[in-house]
């Protein structure tokens, strides 16, 4: 009916867009970072799913997933650092309040 | 996995969202490992369920905000987001329902596969210690809340 690969790809697309949607609507920067992480999970799962064969996972897909994990974690750490700077400056993690405070 | 991430994104409590996201990271890493990408799976668990979760926890504690603020007139973004989600789910189903997959490339034993074959206990021990520590801290955080 539906193979594992198709199931993974569907789940990957769903995770990615779910994370993307929450990133735009979140009222907390911590939640925005969590949504970004969900989108990264979707990308990782998609890269992984493309390489799934009957014999196992291809080396290229495995390498791409490893690279994606490293890049995603680095970007997320940077985002966390920026959020801490914003919190110290504005005293809130609500992006809408930060926009109002900036004037 | 999808349910866990959905819960992580929809829960108001940031600590509970973090715990749900931690379990999602763990599930995704186990999926990678079960399908033969052991190194990618373990790296995923160590990075996201370990390091990133601890950083997020530290941020939540530092900021002292345990809950996401309630909505205040930004409903249109929620509607747009919901519509985007529905369209993306439908598109994902239509596009990937008939996806035939990549060509059957034979997998070659790589370095990481070799590492997994030779030293699996080191990696498993690391995984068990990390998982136990993270679950304990996350549950303590939830109780403290």
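The values are calculated or read from the model by the stated rules, or taken from the named source; none is laboratory data. These numbers come from a predicted model, not from an experiment. Positions of Cβ are generated from backbone atoms using ideal geometry, with glycine treated the same way; all protein chains shown enter the neighbour counts.
Only one entry of A:80, A:29 meets the criterion of being within 20 Å of residue B:63 (Cα to Cα), touching a residue at least 12 places away in the same chain (Cβ under 8 Å) and facing chain B (nearest Cβ under 8 Å), and that entry is A:80.
When the range B:1-23 is filtered for residues that are facing chain A (nearest Cβ under 7 Å) and closer than 14 Å to residue A:15 by Cβ, the ones remaining, listed by number, are B:1, B:2, B:5, B:6, B:8, B:9, B:21. Scanning the range A:5-18 for residues that are within 7 Å of another protein chain (Cβ to nearest Cβ) and under 22 Å from residue A:77 (Cβ atoms) yields a total of 1.
Of the residues making up the range A:15-28, those that are over 17 Å from residue B:7 (Cβ atoms) and surrounded by 24 or more Cβ atoms within 10 Å (Cβ to Cβ) number 0. Does residue B:26 satisfy the condition of being at pLDDT 80 or above, at the interface with another protein chain (Cβ under 8 Å from one of its Cβ atoms), buried (at least 18 other Cβ atoms within 10 Å of the Cβ) and not in a loop (DSSP other than H, G, I, E, B)? No. For the range B:34-74, enumerate the residues that are at pLDDT below 80 and in contact with a strand residue (DSSP E or B) (Cβ under 9 Å, 6 or more places away or on another chain). Those that are at pLDDT below 80 and in contact with a strand residue (DSSP E or B) (Cβ under 9 Å, 6 or more places away or on another chain): B:66, B:67, B:68.
For the range A:34-43, the set of residues classified as under 16 Å from residue B:47 (Cα atoms) and facing another protein chain (nearest Cβ under 7 Å) consists of A:34, A:37, A:38, A:41, listed by residue number.
Between A:75, A:50, A:43, the distinction of being within 13 Å of the chain's Cα centre (by Cα) and within 16 Å of residue B:31 (Cα to Cα) belongs to A:43 only.
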